[in-house]
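The values are calculated or read from the model by the stated rules, or taken from the named source; none is laboratory data. Since the model is a prediction, treat every value here as computed from it, not as a measurement. With ideal geometry, Cβ positions are generated from the backbone for all residues, glycine too; neighbour counts draw on all protein chains shown. Surface areas here come from the heavy atoms of the whole protein model, side chains and all, with no ligands, DNA or RNA. Shrake-Rupley method; radii C 1.70, N 1.55, O 1.52, S 1.80 Å.
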Amino acid sequence: MEVIHSWSCPRSLSTALMYSFAQRDDIEVLDEPLNASFLKATGADRPYRDEIFASMEIDGHKVVKDIIYGPGKKKYRFCKNLAKHRILGLPSELMSKGKHFILIRNPVHILPSFDKVIPLSFLDVGLADLVSIYSDLCQMGTPPPVIDADDLQRNPEATLRGLCHDLDIPFQASMLKWEAGPIPEDGVWASWWYKTVHESTGFSSPRKYPRTFNMRHYDLLEHCLPLYNTLRRHVKGKSSLLASPLAPPSLPVPENAKLFAWVGDEILPREMAKVSVFDSVVQGGDSVWEGLRIYKGKVFKLEEHLDRLFDSAKALAFNNVPTREEVKAAIFKTLITNGMFDNTHIRLSLTRGKKVTSGMSPAFNRYGCTLIVLAEWKPPVYDNDNGIVLVTATTRRNSPTNLDSKIHHNNLLNNILAKVESNNANVDDAIMLDKDGFVSETNATNLFMVKNGVVLTPHVDYCLPGITRATVMELVVKENFILEERNISLSEFHTSDEVWTTGTMGELSPVVKIDGRVIGEGEVGPVTRKLQSAYKKLTDDSGVPIPTYQKL
């Protein structure tokens, strides 16, 4: 006989699932066989405690060896277990033998009905025990399937088919229906807890609208919900009925699936790194940001980027801004925690902070700014060897009379609309013009061009004066090229000898085609190559060292 263990919290549809498995012709079921052992070991008070002790085996070792793994008459035995019943001192074969799966349910739905019989507590809910069970099984090399009660209610057949597939047992359609009323296998506590299941003949559809949540359980919910979300990430659907309409996306750099980010005043794992719905960056894109790149244990142009970050925050009248040293410390701690010392990009954001109530007014911002340090493994985002292709957008760059582009703010809709145009044209980026039709920049980078040996770049009246742009301008002069900063028309770019873009994420990216016009010979030009080489040497030789980094 093979034993199948279901592990769950109370009020999680576990009894309905037991009824479902009881309908199979190849399975016998056990209802919470460790309940008496749990009550004896913990001293927990239950109104049916005496009945349990009178009718069930109390010795946990005997339960595991003689009842759970004892002889049976059918091919499988299904054990409905509550996670909190796995007390210390039980035989190791409880977990090492058999097949295991985990049933979860959102505590928002569990807590309202739980205290009808016993008072609510974190230990009685048992989500911490459930996470521990999942972790222990993973450590043993047997990660258990995880199913969610919400999925079971919405799509019972698809969920059960997927579960049976994971357990390597055949699905039986009989699992979908049962007769109303109790079953002989019910525990003695059934009259206290199973009324809804006894009235059912199958998995009921979820409520269209939830019950009003009792706010006296709010603090407990805050403790439980992160544990539920931890397990929820491991739910998978084997059936197309359960699948999202969008396939899980692959990451550009798979190693970034596991990383730490700084949010506010702490470092958090990727999936937990979130800001409040009351934060200004959510309420109105009210935030400033910088892009930083890490080369061989050093942060390139760190001081210059911080200068611009604080200038932008001042221009937007931020209050309670963290100090320069606090921002640096957050950057270094994030990099060191991730072990990111090269080939890394940081998206550094400073929001106006969380609001006391939703609304536009900065007067609602009374918590101070929110600092976000998002570091990722990220090579330059453009093809700097073979070149990129641009198209001119119809979306114009903001005028300083509307929103000054010299403020490096997070309200990027102007740029995003231009990027939509480049995506639709299936090219790398879009050139944006100013109100007079002169070239300003692309949606993400500054622009340079070469004509007859002279290097030209647009004025920064309508674009961000990029730090990489300023660095390249210095290199142009250092390499003895003539540099001009002036208004440049689009046709001049079309007929130029060379074009490149500059930005922290892309460095120097050669442009080989604009609006269908081939630039120069359609390949990376000599001036671009020389400046790329000079820029690489500069990144190798300069930057602010990351504390604790040691070159191998």
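Kindly indicate which of Thr370, Thr357 is closer than 18 Å to Trp289 by Cα and among the hydroxyl-bearing types (Ser, Thr, Tyr).
On the way: Thr357 fails: closer than 18 Å to Trp289 by Cα.
None of the other options fit; the residue is Thr370.
Looking at the range 74-95, can you tell me whether even one residue there is under 39 Å from the mean Cα position of the chain (by Cα) and over 28 Å from Cys138 (Cα atoms)?
No, the range 74-95 contains no residue that is under 39 Å from the mean Cα position of the chain (by Cα) and over 28 Å from Cys138 (Cα atoms).
Do you know which residues across the range 71-94 are hydroxyl-bearing (Ser, Thr, Tyr) and open to solvent by 40 Å² or more (accessible area, probe 1.4 Å)?
Within the range 71-94, Ser92 is the sole residue that qualifies.
Wholly within the range 271-364, which helices (runs of 4 or more DSSP H) include no fewer than the required count, namely at least 3 residues that are open to solvent by 50 Å² or more (accessible area, probe 1.4 Å)?
Here the list reads 302-315, 324-338.
Residue by residue, here is whether (1) under 28 Å from Glu290 (Cβ atoms); (2) open to solvent by 20 Å² or more (accessible area, probe 1.4 Å) holds:
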position: Asp497; (1), (2): no, yes
position: Trp500; (1), (2): yes, no
position: Gly503; (1), (2): yes, no
position: Glu507; (1), (2): yes, yes
position: Leu531; (1), (2): yes, no
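Leu403 fails exactly one of the following numbered conditions: (1) in a loop (DSSP other than H, G, I, E, B); (2) under 19 Å from Glu290 (Cβ atoms); (3) open to solvent by less than 20 Å² (accessible area, probe 1.4 Å). What is the number of that condition?
(3)
Can you list residue pairs whose Cβ atoms sit under 8 Å apart, with the first residue in the range 148-175 being over 22 Å from Pro206 (Cβ atoms) and part of a helix (DSSP H, G or I) and the second being acidic (Asp, Glu) and at pLDDT 95 or above? Count only pairs 6 or more apart in sequence or on different chains.
Between residues of the range 148-175 that are over 22 Å from Pro206 (Cβ atoms) and part of a helix (DSSP H, G or I) and residues that are acidic (Asp, Glu) and at pLDDT 95 or above, the close pairs are Ser174/Asp25.
Residue pairs, Cβ under 7 Å, 6 or more apart or interchain, first in the range 75-95 and closer than 13 Å to Asp129 by Cβ, second charged (D, E, K, R) and assigned to a loop (DSSP other than H, G, I, E, B). List them.
Asn81/Glu32; Leu82/Glu32; His85/Glu32
Of all residues in the range 411-439, count the ones that are under 30 Å from Asp279 (Cβ atoms) and either without any contact (Cβ under 8 Å) to a residue 40 or more places away in the chain or part of a strand (DSSP E or B) (or both).
Of the residues in that region, 13 qualify.
Report whether or not Asp461 is open to solvent by 50 Å² or more (accessible area, probe 1.4 Å) and touching a residue at least 60 places away in the same chain (Cβ under 8 Å).
Working: open to solvent by 50 Å² or more (accessible area, probe 1.4 Å): yes; touching a residue at least 60 places away in the same chain (Cβ under 8 Å): yes.
Yes.
Would you check which residues across the range 203-220 are loosely packed, with under 15 Cβ neighbours inside 10 Å and either under 22 Å from Ala16 (Cβ atoms) or more than 27 Å from the chain's Cα centre (by Cα) (or both) and list them?
Scanning the range 203-220 gives Ser204, Ser205, Pro206, Arg207, Lys208, Tyr209, Pro210, Arg211, Thr212, Asn214, Met215, Arg216.
Identify, please: which residue in the range 434-453 is in contact with a strand residue (DSSP E or B) (Cβ under 6 Å, 6 or more places away or on another chain) and among the polar types (S, T, N, Q) and is, among those, nearest to Asn414 (Cα to Cα)?
Top of the filtered list is Asn443.
Check whether at least one residue in the range 115-124 is open to solvent by less than 30 Å² (accessible area, probe 1.4 Å), more than 24 Å from Ile27 (Cβ to Cβ) and not small (Gly, Ala, Ser), and report yes or no.
Checking the range 115-124: at least one residue is open to solvent by less than 30 Å² (accessible area, probe 1.4 Å), more than 24 Å from Ile27 (Cβ to Cβ) and not small (Gly, Ala, Ser).
Leu306: modelled with pLDDT of 95 or more, out of contact with any Leu (no Cβ under 8 Å at 6 or more places or on another chain) and within 26 Å of Pro458 (Cβ to Cβ), yes or no?
Yes, satisfied.
Can you tell me which residue in the range 533-544 is nearest to Leu335 (Cα to Cα), limited to those that are surrounded by 12 or more Cβ atoms within 10 Å (Cβ to Cβ) and not β-branched (Val, Ile, Thr)?
Among residues in the range 533-544 that are surrounded by 12 or more Cβ atoms within 10 Å (Cβ to Cβ) and not β-branched (Val, Ile, Thr), the one nearest to Leu335 (Cα to Cα) is Gly543.
May I ask you to list the residues in the range 246-264 that are more than 27 Å from Thr468 (Cβ to Cβ), in a loop (DSSP other than H, G, I, E, B) and in contact with a helix residue (DSSP H, G or I) (Cβ under 8 Å, 6 or more places away or on another chain)?
Lys258
Under 7 Å by Cβ, and 6 or more places apart or on different chains, what pairs join a residue from the range 519-538 that is part of a helix (DSSP H, G or I) with one that is modelled with pLDDT of 95 or more and charged (D, E, K, R)?
These pairs meet every condition: Val527/Glu498; Thr528/Glu498; Lys530/Glu479; Leu531/Glu479; Ala534/Glu479; Tyr535/Glu507.
If you go through the range 201-216 one residue at a time, do you hit one that is modelled with pLDDT of 95 or more and among the charged types (D, E, K, R)?
no
A quick yes/no check of all residues on (1) among the charged types (D, E, K, R); (2) farther than 22 Å from Gly387 by Cβ:
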position: Gly453; (1), (2): no, no
position: Cys463; (1), (2): no, no
position: Val477; (1), (2): no, yes
position: Glu485; (1), (2): yes, yes
